[in-house]
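> Attaching a single structure in structure tokens format; questions to follow.
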Amino acid sequence: MSPIKEDYYEILGISRTSTQVEIKSAFRRAAMKCHPDLHPGDKQAEEQFKKVNEAFSVLSDPQKKQMYDQYGHDGVNMGAGGYGGFNASGFGDVGDIFSSVFGDIFGGGFGGGRGGRARAQRGEDLKTDVEITLEQAYEGLEKEITYTRTDRCAVCGGSGAEEGSSTKTCRSCNGSGTVVYQQGFFSMRQTCPDCGGKGTVVEKPCKKCRGSGVERVKEKLTVKIPSGVRTGVTLRISNGGDIGRNGGGYGDLYVEMHVKEHAVFQRDGDDLVLPINISYPQAVLGGSIKVPTIEGKEIEVTIPKGTQFGEVLKMQGCGMPRLGKKGFGDLLLQVHIEVPRKPTARQKELLEELAKETGGKKSLFEKLFQK
């Protein structure tokens, strides 16, 4: 009778609802505790290390994990013939699993895996913020921005060496960029600590950058901001970020837009909202008024007869440009009816007559203006 196998989740110390990130993190912790190189000659640690890798090889694969969750260890064995020939008991290629998760912790290699010089790494992305007015967002503009990023040293050109000095092969790794540590039948390949994986070292480091080959510099760029942008829109400037390592390219610069609040207009997506005041006679009899636009012009608006307080009049196509699309939003006029606080004697007389004409009851105006 075959022994009962331990639960993979218990081996890694996680729950069945753990995410792939949590599974990967748990594997790191568990593998470091029982790694054979840290416990030479300890058979128990070696066996536990195999269990940890076996559990991770199943739970890190969504398809295998689904079979295991549904059928347990039998589901994993079914998968051996059903989806790719995997057999958990066979343990797989531990070196590939371990190196893919731990990466640079052990220099990208494990158990005699492939080594080499440090790989090129792309530079870090950067972010900056730009504030513009609503009028500028309407028109679009070109704006100069200033920010700081990492670039090649201006003195040594990125070599890290003082002028007249040269580079030489690193003695620690003989130019390979990696060093190998061997313990028993396990080996670990690690990035050379002396040359940082380059395989070469400088005889006299550059005084400006202290041999790093990079420095912090102030950069000026002119950014083309399209019409119709709104707060939160982010523009990407290719190669505007930090310079990479070991020949890697630049990262990108992300410019996040912030549009200031306007003193007159309120923005609602591509629409603009404008409160307008009209008199009671205009609301009842209708008429026309002039209103401003975001372009700085005035347009004449017809007030329909019987317009109510709070009604919205739409001026089609008088709003903001639609970002990345054709056309414009609308200008929405929110109607407010002005009520005179101190009506003249003649106004009171007319209002009282109006009240009689509308049924003889006290009107709202009478209640407001009655002494």
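> List every residue pair whose Cβ atoms lie under 7 Å apart, where the two residues are 6 or more positions apart in sequence or sit on different chains, the first residue falls within region 160-180 and is within 12 Å of G196 (Cα to Cα) and in a loop (DSSP other than H, G, I, E, B), and the second residue, located anywhere, is open to solvent by 70 Å² or more (accessible area, probe 1.4 Å) and at pLDDT 85 or above.
Close Cβ pairs (under 7 Å, with a partner that is open to solvent by 70 Å² or more (accessible area, probe 1.4 Å) and at pLDDT 85 or above) amount to G175/T169.
> Another question, if that's okay. Got a sec? Which of I243, I294, I276 is under 30 Å from R171 (Cβ atoms) and in contact (Cβ under 8 Å) with a residue 60 or more places away in the chain? Show your work before the answer.
Details: I294 fails: under 30 Å from R171 (Cβ atoms); I276 fails: under 30 Å from R171 (Cβ atoms).
Of the residues listed, the single one that is under 30 Å from R171 (Cβ atoms) and in contact (Cβ under 8 Å) with a residue 60 or more places away in the chain is I243.
> Sticking with this structure for a sec: Restricting the first residue to region 336-347 and requiring it to be open to solvent by 70 Å² or more (accessible area, probe 1.4 Å), which pairs with a second residue that is among the aliphatic types (A, V, I, L, M) meet a Cβ separation below 7 Å and a spacing of at least six or different chains?
From region 336-347, the pairs are E338/I278.
> Given (1) more than 30 Å from G324 (Cβ to Cβ); (2) surrounded by fewer than 14 Cβ atoms within 10 Å (Cβ to Cβ), where does S238 come up short, assuming only one miss?
Going through (1) more than 30 Å from G324 (Cβ to Cβ); (2) surrounded by fewer than 14 Cβ atoms within 10 Å (Cβ to Cβ) one by one, S238 breaks only (1).
> So T169 passes all but one of these: (1) farther than 30 Å from L253 by Cα; (2) modelled with pLDDT of 85 or more; (3) open to solvent by less than 60 Å² (accessible area, probe 1.4 Å). Which condition number does it fail?
Condition not satisfied by T169: (3).
> Which condition does L313 not pass, out of (1) farther than 19 Å from L134 by Cβ; (2) modelled with pLDDT under 95; (3) hydrophobic (A, V, I, L, M, F, W, C), if it passes all the others?
Tallying (1) farther than 19 Å from L134 by Cβ; (2) modelled with pLDDT under 95; (3) hydrophobic (A, V, I, L, M, F, W, C), L313 fails exactly one: (2).
> Now for a separate question. Only one residue in G123, G164, G213 is open to solvent by less than 60 Å² (accessible area, probe 1.4 Å) and on the phi > 0 side of the Ramachandran plot. Which one?
After applying the criteria, what remains is G213.
> Considering only residues that are hydrophobic (A, V, I, L, M, F, W, C) and buried (at least 16 other Cβ atoms within 10 Å of the Cβ), which ones fall in region 21-41? Steps first, answer last, please.
Here is the first cut: in region 21-41, the ones hydrophobic (A, V, I, L, M, F, W, C) are 21, 23, 26-27, 30-32, 34, 38.
Scanning region 21-41 gives I23, A26, F27, A30, A31, C34.
> Hey, another quick one. Just name the residue that is most open to solvent (accessible area, probe 1.4 Å) out of those in region 216-228 that are touching a Lys or Arg at 6+ places or on another chain (Cβ under 9 Å) and farther than 30 Å from D270 by Cα. Before the answer, list the steps.
Initial filter on region 216-228 (touching a Lys or Arg at 6+ places or on another chain (Cβ under 9 Å)): 216-219, 222-225, 228.
Next, only the ones that are farther than 30 Å from D270 by Cα stay: 216-219.
Details: R216: 143, V217: 35, K218: 169, E219: 44 Å².
So, considering only residues that are touching a Lys or Arg at 6+ places or on another chain (Cβ under 9 Å) and farther than 30 Å from D270 by Cα, the one most open to solvent (accessible area, probe 1.4 Å) is K218.
> Right, something else. Residue by residue through region 297-335, note down the ones that are buried (at least 18 other Cβ atoms within 10 Å of the Cβ) and either without any contact (Cβ under 8 Å) to a residue 12 or more places away in the chain or among the aromatic types (F, W, Y) (or both).
Within region 297-335, F328 is the sole residue that qualifies.
> Scanning region 46-74 for residues that are of a type in the set (G, A, S) and modelled with pLDDT of 85 or more, which turns out farthest from S15 (Cα to Cα)? Lay out the reasoning, then the answer.
Within region 46-74, the subset of a type in the set (G, A, S) is 55, 57, 60, 72.
Those still in the list that are modelled with pLDDT of 85 or more too: 55, 57, 60.
Working: A55: 13, S57: 16, S60: 14 Å.
It comes out as S57.
The values are calculated or read from the model by the stated rules, or taken from the named source; none is laboratory data. All values derive from a computational prediction rather than experimental measurement. With ideal geometry, Cβ positions are generated from the backbone for all residues, glycine too; neighbour counts draw on all protein chains shown. To get the accessible areas, we keep the full protein, side chains included, count just its heavy atoms, and leave off ligands, DNA and RNA. Shrake-Rupley method; radii C 1.70, N 1.55, O 1.52, S 1.80 Å.
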